1. Can you run down the residue pairs with Cβ atoms below 8 Å, 6 or more apart or on separate chains, where the first is in region 4-20 and exposed (fewer than 15 other Cβ atoms within 10 Å of the Cβ) and the partner is in a helix (DSSP H, G or I)?
2. Kindly provide the set of residues from region 35-51 that are near the ligand (Cβ under 8 Å from one of its atoms) and among the aromatic types (Phe, Trp, Tyr), ordered by number.
3. Are any residues in region 87-105 acidic (Asp, Glu) and either touching a residue at least 24 places away in the same chain (Cβ under 8 Å) or on the phi < 0 side of the Ramachandran plot (or both), and if so, which ones?
4. Answer yes or no: is there a residue in region 79-93 that is part of a loop (DSSP other than H, G, I, E, B) and within 15 Å of the ligand (Cβ to nearest atom).
5. How many of the residues in region 116-133 are surrounded by 10 or more Cβ atoms within 10 Å (Cβ to Cβ) and not β-branched (Val, Ile, Thr)?
6. Is there a residue in region 38-49 that is assigned to a loop (DSSP other than H, G, I, E, B), over 26 Å from THR125 (Cβ atoms) and among the charged types (D, E, K, R)?
7. Could you go through region 63-73 and let me know if any residue there is in contact with a Ser or Thr (Cβ under 6 Å, 6 or more places away or on another chain), touching a residue at least 12 places away in the same chain (Cβ under 8 Å) and assigned to a helix (DSSP H, G or I).
8. Restricting attention to region 120-141, report how many residues are in contact with a Gly (Cβ under 6 Å, 6 or more places away or on another chain) and within 12 Å of the ligand (Cβ to nearest atom).
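Each reported figure results from applying straightforward, stated rules to the coordinates on display, with no laboratory input. As the structure is a computational prediction, the values presented were derived from the model and not from experiment. Counting neighbours? That spans all protein chains shown, and the Cβs are built from the backbone with ideal geometry, glycine included.
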Amino acid sequence: MGMAFSDVIMTDSDKHITIADKQDRPGGHWNHSYPFVRLHQPSSFYGVNSRDLGSNNIDVTSWNEGLYELASGTEVVTYFDTVMRQQFIPSGRMQYFPMSEYLGDGKIRSLVSGAEHTLEVSQKTIDASYMNIAVPSMRKPPS
Ligand SMILES: Cc1cc2nc3c(=O)[nH]c(=O)nc-3n(C[C@H](O)[C@H](O)[C@H](O)COP(=O)(O)OP(=O)(O)OC[C@H]3O[C@@H](n4cnc5c(N)ncnc54)[C@H](O)[C@@H]3O)c2cc1C
């Protein structure tokens, strides 16, 4: 969601954005999904506005036969990584801090070194962690 939000802001304005994310690469919880998990909906409905996910193919085999393709977790993570590295960062308007935890009040902490750093926020701070998603591999099995 943070990536989709940033994409709209970067497309429709000349604003600069800083993303701090605990993950070591873009893609959020998809970095932890089991490999057999795919999107539940056609790839073309998912991702950021400015770039298509998938090729709008119709599956010709298996249980999704005759329906639009559903991206795998690997495709989703690769897609968001591509958006970050080929669009956001080269624009010169994105600062990206992976493996960095947002602590509040503009402070981030590196999960590698533990060093804390205060960001200069000129306009708004957006909390994109509201959904607080945990896929099964991120937590203990329920008792
Ligand atoms: C298995 C599965 C399949 C799904 N399939 C679909 C689908 O087909 N279609 C659909 O529309 N939706 C689907 N969803 C819903 C999906 O979760 C959302 O579409 C979307 O990916 C959620 O994005 P998010 O940014 O809210 O969460 P996340 O992807 O979890 O991203 C949140 C990010 O915030 C980071 N973060 C959290 N706290 C902090 C902090 N303090 N400091 C720094 N970083 C922090 C996390 O590390 C993470 O990278 C699926 C969900 C699951 C679990």
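1. Hits for this filter: LYS15/ILE9.
2. Within region 35-51, PHE45, TYR46 qualify.
3. Hit for region 87-105 is GLU101, nothing else.
4. For region 79-93, residues part of a loop (DSSP other than H, G, I, E, B) and within 15 Å of the ligand (Cβ to nearest atom): absent.
5. Number of matching residues: 5.
6. No; the residues of region 38-49 include none that is assigned to a loop (DSSP other than H, G, I, E, B), over 26 Å from THR125 (Cβ atoms) and among the charged types (D, E, K, R).
7. Looking for residues that are in contact with a Ser or Thr (Cβ under 6 Å, 6 or more places away or on another chain), touching a residue at least 12 places away in the same chain (Cβ under 8 Å) and assigned to a helix (DSSP H, G or I), one finds at least one in region 63-73, hence yes.
8. So the count comes out to 1.
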